Amino acid sequence: MNQPKISIYVPAYNCETTITKCLDSLLAQTYPQAEIVVVNDGSTDKTGEILANYATSCRVITQANQGLGKTRRNAIAACTGEYVATVDADDYVTPNWLTDCITAMTENNADVGMFGFVSVDQEGHELKYGLKREYQAELLSSVETVQRLGKDELKNMSWGFITKREYWLQVLEHLTASRYYEDVASTYKVMMQANRVALIPGTYYYYVQAEGTITKTPSINQVTDLERIKQQLQADLTGPYQPLLTDWIFHITMMQYQILSLIGGHGTQLKQLKQDILANIPAGMSKAERIKVLLVRMNLYSHFYGSIKKLRNI
C-alpha cells in the first residue's frame, strides 16, 4: 500500500494539563510516515516546558501569541507532508487513526477522509448529550460533501478529516478572517477542491469538552463573525453549489438566533433573524430542526435551549 507522508499539527496554548495525553496518542500511531508539528502560541503556563520533552520526537515551533487562526495558518505552512490532519491540544486519537484512514482513502482513490468522533469529559467518559458522529462507509463528490456540511449531517470540524496539504494552502487566509468559527469558514472551501471524499466507519477522535473553550460564552462578536461567513458563502456557492445555499444560510442564521437568544436583548435583530429563518426554511429538515423552527416561531427558543442541546445528535 502506498504510504504518503502525513503531517499532524497541534496548536498549543496554555494546555499544560492535556498536551501530554494528546501528543502521546499521536506518537502511538501505527502509521509509519507521520510528522508531528506543534506550535506553541506564546503559552504562559508550563506548556513550553512540557513541549521541550518532545523536541526529539516532534517539531516544536514557539511563537509570540497570535491567536488560533494565525497559529493554524503558521502550522500548515510548516507542515511538509503530502496530507495534513490536525488535533486540538485538549483532544486525543486512537492508535489506528492514521492507518485506517489512509488505507480507506487509498483503496477508494479519495483525497479527503472524514472519520467519526465522540465527545468525552476530561476523564474520558462519553458525554450523554455531547456531539458525536460515526459514519457508514461511503464515497462522496465535492458537491455532495458540501451539501451534507450545509445540512449539518457532516460536521464542520477542521480536526474531523484528513486531506491534501495543497487544499489547505488555498484557504489559509480564511483561518484568520474568522475569530470564532474558522472551521465553518474554511472546511467547505477545502471540500470544494476535493475529487472524492471517503466517509470512514469507526470512532477515532476523542473530543474533550471542558469549561472555558473559545465558543462557550455567547457574544455579539460571534453573530458578526457568522454574518461575514454568510456573505462569503453567497459569493462562493455558485454553479453546481448554488442550490446548497439555502441549507447553509438557514443553519448559520439559526446559529445567530441561538446566540442572540442566549445573550438577551437585541430585540430588533432577533426579529429580523426570525423572519429570515421562517422565509428560508429548507426542504427535508430533520426532527431536531423542525422542533427548533417551531420554537423560533413561538419565540420560545431561549427558554428551551437546554433541551435543544440534547437534540443535536437526532
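Hand me the list of helices (runs of 4 or more DSSP H) wholly inside segment 100-177 holding 3 or more residues that are of a type in the set (S, T, N, Q). Even if it seems obvious, please write down each step before you answer.
Values: elements: 142-150, 165-169, 174-177.
Of the helices (runs of 4 or more DSSP H) lying wholly inside segment 100-177, those with at least 3 residues that are of a type in the set (S, T, N, Q) span 142-150.
Out of the residues in segment 111-142 meeting the condition of being closer than 16 Å to A198 by Cβ, surrounded by 15 or more Cβ atoms within 10 Å (Cβ to Cβ) and among the aliphatic types (A, V, I, L, M), tell me which one is nearest to the chain's Cα centre (by Cα).
M114
Of all residues in segment 54-82, which are over 21 Å from the mean Cα position of the chain (by Cα) and either within 25 Å of N96 (Cβ to Cβ) or buried (at least 16 other Cβ atoms within 10 Å of the Cβ) (or both)? It would help to see each step written out before you state the result.
Our first condition is that a residue be over 21 Å from the mean Cα position of the chain (by Cα); within segment 54-82, this holds for 54-65, 80.
Across segment 54-82, the qualifying residues are Y54, T56, S57, C58, R59, V60, I61, T80.
Please go through (1) among the β-branched types (V, I, T); (2) open to solvent by 10 Å² or more (accessible area, probe 1.4 Å); (3) under 14 Å from W97 (Cβ atoms) for T17 and return the number of the only condition it doesn't satisfy.
(3)
Under 9 Å between Cβ atoms, at least 6 apart or on separate chains: pull out the pairs that start in segment 220-233 with a residue that is free of Cβ contacts under 8 Å to residues at least 40 places away in the same chain and end on any residue that is among the aromatic types (F, W, Y) and assigned to a helix (DSSP H, G or I).
Qualifying pairs under 9 Å: K230/W248.
Looking only at segment 37-79, how many residues end up being closer than 14 Å to E16 by Cβ and either in contact (Cβ under 8 Å) with a residue 60 or more places away in the chain or aliphatic (A, V, I, L, M) (or both)? Show your work before the answer.
If we filter segment 37-79 for residues that are closer than 14 Å to E16 by Cβ, which is where we start, we get 38, 40-54.
Subset that is either in contact (Cβ under 8 Å) with a residue 60 or more places away in the chain or aliphatic (A, V, I, L, M) (or both): 38, 50-52.
So the answer is 4.
Could you figure out which of (1) within 17 Å of Y207 (Cβ to Cβ); (2) out of contact with any Lys or Arg (no Cβ under 8 Å at 6 or more places or on another chain); (3) at pLDDT 95 or above isn't true of C58?
(1)
Being within 29 Å of M285 (Cα to Cα), of a type in the set (K, R), touching a residue at least 24 places away in the same chain (Cβ under 8 Å) and open to solvent by 30 Å² or more (accessible area, probe 1.4 Å) narrows it down to one residue among K155, K189, K151; which is it?
On the way: K155 fails: open to solvent by 30 Å² or more (accessible area, probe 1.4 Å); K189 fails: open to solvent by 30 Å² or more (accessible area, probe 1.4 Å).
Going through K155, K189, K151 in turn, just one is within 29 Å of M285 (Cα to Cα), of a type in the set (K, R), touching a residue at least 24 places away in the same chain (Cβ under 8 Å) and open to solvent by 30 Å² or more (accessible area, probe 1.4 Å): K151.
Are any of the residues in segment 166-179 at pLDDT below 95, open to solvent by less than 30 Å² (accessible area, probe 1.4 Å), among the acidic types (D, E) and touching a helix residue (DSSP H, G or I) at 6+ places or on another chain (Cβ under 9 Å)?
no
Give segment 29-53 a look and list any residue that's open to solvent by 50 Å² or more (accessible area, probe 1.4 Å) and among the small types (G, A, S), or say none.
A52 - this is the single residue of segment 29-53 that is open to solvent by 50 Å² or more (accessible area, probe 1.4 Å) and among the small types (G, A, S).
With the structure loaded, tell me whether I220 is over 23 Å from E134 (Cα atoms) and surrounded by 20 or more Cβ atoms within 10 Å (Cβ to Cβ) or whether it fails that test.
Numbers: over 23 Å from E134 (Cα atoms): yes; surrounded by 20 or more Cβ atoms within 10 Å (Cβ to Cβ): no.
In short, no.
The values are calculated or read from the model by the stated rules, or taken from the named source; none is laboratory data. Keep in mind that this is a model prediction, so the values were computed, not measured. When we count neighbours, we look across all protein chains shown, and the Cβ atoms used for this are built from the backbone with ideal geometry, even at glycine. Each accessible area value is taken on the protein alone, full model and side chains, heavy atoms only, with ligands, DNA and RNA left out. Shrake-Rupley method; radii C 1.70, N 1.55, O 1.52, S 1.80 Å.
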